[in-house]
1. Considering only residues of region 22-33 that are crowded, with 22+ Cβ neighbours inside 10 Å and within 15 Å of residue 87 (Cβ to Cβ), which is nearest to the ligand (Cβ to nearest atom)?
2. Pull up region 58-83, narrow it to residues that are within 25 Å of residue 117 (Cβ to Cβ), more than 6 Å from the ligand (Cβ to nearest atom) and not hydrophobic (A, V, I, L, M, F, W, C), then point me to the one that is modelled with the lowest pLDDT.
3. May I ask you to say which residue of 122, 160 is in contact (Cβ under 8 Å) with a residue 24 or more places away in the chain and not β-branched (Val, Ile, Thr)?
4. So for region 47-56 (the condition being more than 9 Å from the ligand (Cβ to nearest atom) and surrounded by fewer than 18 Cβ atoms within 10 Å (Cβ to Cβ)), does at least one residue qualify?
5. Looking only at region 84-112, filter to residues that are of a type in the set (D, E, K, R) and surrounded by fewer than 18 Cβ atoms within 10 Å (Cβ to Cβ); which one of those is farthest from the ligand (Cβ to nearest atom)?
6. Go through region 235-261 residue by residue and tally those that are under 26 Å from the mean Cα position of the chain (by Cα) and surrounded by fewer than 16 Cβ atoms within 10 Å (Cβ to Cβ).
Amino acid sequence: MAAMDTLRIDDDGAARTITLNRPDDLNAINDELTFELQDALKAVRKDRVRCLVLTGAGRAFCAGQDLKSVQDRSGPFDFAEALRTRYNPVVSGLAALEIPVIAAINGVAAGAGWSLALACDLRIAVSTAKFVSAFGKIGLVPDSGMTQTLPRLVGMARALEIAWLGDPIPAKTALEWGLVNKVVEPDALAETTRTWARTLATGPTKGIGLTKRAMSAAWNNPLDQQLDYEAQLQGIAGQTRDYREGVQAFMDKRTPEFLGE
Ligand code: T3D
């Protein structure tokens, strides 16, 4: 993959970490970062990565749209087009990855930066992290999927409170509200994330990916349809080498060696 200006990419076995790397601007999202992130997600698929971690360099996870760069926009700006070409492919790209995606939230997450964290499957936050909707304070609508992810996680009333009042949500509250899976002290973030990422990257990747597909579809399916969909996906998982290995390892009383196929 070509070197990137705004991202750092590190591999640990089949786990990959993408680090938003504009720490002087709290990893705020400029045009270049969105396009590099789109390319980085395409590379994840191509390189057969089995777990992805998204994190930020420095003291922030991500402060959302780079508000310094919007000053350079001239004339009437096409926000809809900007979202469709810049942010939306990133969010749908994350959702389409049939591997676990973990946000390692190392500090503040605001605006579309928080949306990115919400677009991940699992979230581990440091105890000093805070979450700020930010959109409302500048007269915008939450975007990059936040109007869907937030009410699904916390319910409509809390989602609207977050969007309208805009008060920063501390990590402790985020945990209580189900916005993050785990809160750790800052010096434990790297190790906790590595442990989860290694476990997931050496798991039965096909079954893990199909589980994500099934649970995502469940939002829109009536029960009968979902039961049928589970049966269909089990038909695929049951044909994998990892399923046979899992059963064999159980019989042999040993740890299974999953290859992700
Ligand atoms: O425009 C479109 O294309 C549509 C898409 C929209 C998507 C969006 O994300 S809209 C929302 C954009 N984000 C925000 O409105 C967040 C603005 N920032 C903040 O509210 C706060 O900075 C934070 C809550 C993120 C952090 O607060 P704090 O107190 O920890 O830090 P700070 O002192 O406010 O900021 C530190 C520096 O980072 C400061 O720079 P300076 O003064 O030291 O040179 C600040 O200007 C800079 N910074 C923070 N956020 C951004 C930023 N620079 C550019 N863009 C930012 N979003």
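1. Among those that are crowded, with 22+ Cβ neighbours inside 10 Å and within 15 Å of residue 87 (Cβ to Cβ), it is 28.
2. 69
3. Exactly one residue qualifies, and that residue is 122.
4. yes
5. Of everything passing the filter in region 84-112, 98 is farthest from the ligand (Cβ to nearest atom).
6. Total meeting the criteria: 3.
Every residue, every condition in (1) small (Gly, Ala, Ser); (2) closer than 21 Å to residue 151 by Cβ; (3) without any contact (Cβ under 8 Å) to a residue 12 or more places away in the chain, yes or no:
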| site | (1), (2), (3) |
| --- | --- |
| 91 | no, yes, no |
| 103 | yes, yes, no |
| 106 | no, no, no |
| 128 | no, no, no |
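The values are calculated or read from the model by the stated rules, or taken from the named source; none is laboratory data. This structure is a prediction, so every number in the text was calculated from the model and none was measured. Glycine also receives a Cβ, built like all others from the backbone with ideal geometry; neighbour counts cover every protein chain displayed.
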